[in-house]
1. Sorted by average packing, counted as other Cβ atoms within 10 angstrom per residue and highest first, what order do 238-247, 79-88, 48-57 take?
2. Amide H of Lys243 versus every other amide H placed in the peptide plane: which residues, excluding those fewer than 5 positions away on the same chain, fall under 5 Å?
3. Give me, ordered by chain and number, the residues 5 or more places off Phe319 or on other chains with an amide H under 5 Å from its own placed amide H.
4. Along region 194-208, what does the Karplus equation 6.51 cos²θ - 1.76 cosθ + 1.60 (θ = phi - 60°) give for ³J(HN,Hα), rounded to whole Hz, x for Gly and Pro?
5. Using a 1.4 Å probe on the protein chains only, how many percent of the accessible area of region 273-359 belongs to carbon and sulfur?
6. Name the long-range amide H neighbours of Tyr267: under 5 Å, sequence gap of 5 or more, or other chain; modelled H, no Pro or chain starts.
7. Assuming R0 = 22 Å, what is the FRET efficiency of Ile139 and Thr185, from their Cβ-Cβ distance, to the nearest 0.05?
8. Can you compute the FRET efficiency between Met337 and Thr92 using 1/(1 + (r/R0)^6), with r the Cβ-Cβ distance and R0 = 25 Å? Round to the nearest 0.05.
Amino acid sequence: MRIIFCFLLAGLFSTSLFGVSQKDTLVVGYTEAPPFVHIAEGKLDGLNYRIWEALMAKESYPYKYTSFSYEELLQALENGTVDVAITPLSLTAAREAKFHFSTPYYASHGAVAVTAPSAWQKFGNSFRGLLNSNFLKGIFILILIIFIFGVVGWYFEWRKNTEHFRKGMPGIWDGVWWSAVTLTTVGYGDKAPKTFWGKIAALLLMFGGLVFVSGLTAGIASNIAVNEISNDFSALDHFKSIKVGTVANSQIHDYLKTHFFRDIEAYSSLEEGLQALARNDIKGLMFDEEILRSEISLLLLEEDLKVLPINYDAKFYGFGISKAHDSLPRILSRGIMEMRDDPNWQMLLHEYGLSDFNQ
């Protein structure tokens, strides 16, 4: 009788310590979200998978992995069908009311993917950059300088240098040609001044023209760059008036709804949204940057889609844990903090192309 009582007491202590009977099997839910969780060569991989496996190597929980869609995973976590979700979940007050969270292991922010411009579109963007009013004024001034110095050079040369600068209108054309060749530093050498004042005019044209052409070139480059930036939709507000997509019930989805985005298409998976973007069904796809970049790479869409340098909606990732487990969040959090204090943590992040939010 005493032996039976000891076994019962030991079993009760074990259950209260771990928050789950050792005969129960934890259901570990996941949705593919590379580089955190994904299938590689038929096996689970990713940062979160590695974290979970390392944590469980120190504990005695039996567990099994089960795949869900993102929306199904959140619902299963809330109703207790899933014990732990290793898919990266953003810590929010609304979610904390429905299930527990571990301590954060990574920080991220939202990004925007758009279709990459074709070669003709890039040419058109560059050409439109040349149609700037300041650029056109610069071209007009350049032509005026060439004409004025061409006439001045001809005036000083046509009497003593008739071989290079003829009389009348043909000679004026000779002067304009010489001025243009000199200003652009082409220097054919077919025409050259011989008089003192003709050479003075040439010096003024060369040095003054060098400064002016350098400024004009910089202006052209600036106009093209500004036009390309504007066509990259560098302002987040641009996307509030066009059709954008995201993953249903994600934190980004909540962000878009509360920040006055007018036309939002919600998809059941990120892959579905990226395919819609590639078909031009939407003008932009908004989601967490690391997951967005990784998924584009895995789907071989890097030539068709690009991620813009727009950051918004900063967030922290943690493991979601069912409310049925009171001690498990503390155990996982302690293990995560120990992993993050380990020097090998940075190497693990680097392996998946990630960087620590403390760096």
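1. 79-88, 238-247, 48-57
2. Lys283
3. Ser102
4. Going residue by residue, I get 10, 7, 4, 6, x, 6, 4, 4, 5, 4, 4, 5, 5, 6, x Hz, with x marking Gly and Pro.
5. Carbon with sulfur: 49 percent of the solvent-accessible area.
6. Residues meeting the amide H criterion: Thr246, Val247, Ala248.
7. 0.80
8. Step by step, r from the Cβ atoms, then E = 0.75.
The values are calculated or read from the model by the stated rules, or taken from the named source; none is laboratory data. Computed from a predicted structure; not experimentally measured. Cβ atoms come from the backbone with ideal geometry, glycine included; neighbour counts cover every protein chain shown. Keep in mind that these areas ignore ligands, DNA and RNA; they rest on the heavy atoms of the full protein, side chains included. Shrake-Rupley method; radii C 1.70, N 1.55, O 1.52, S 1.80 Å.
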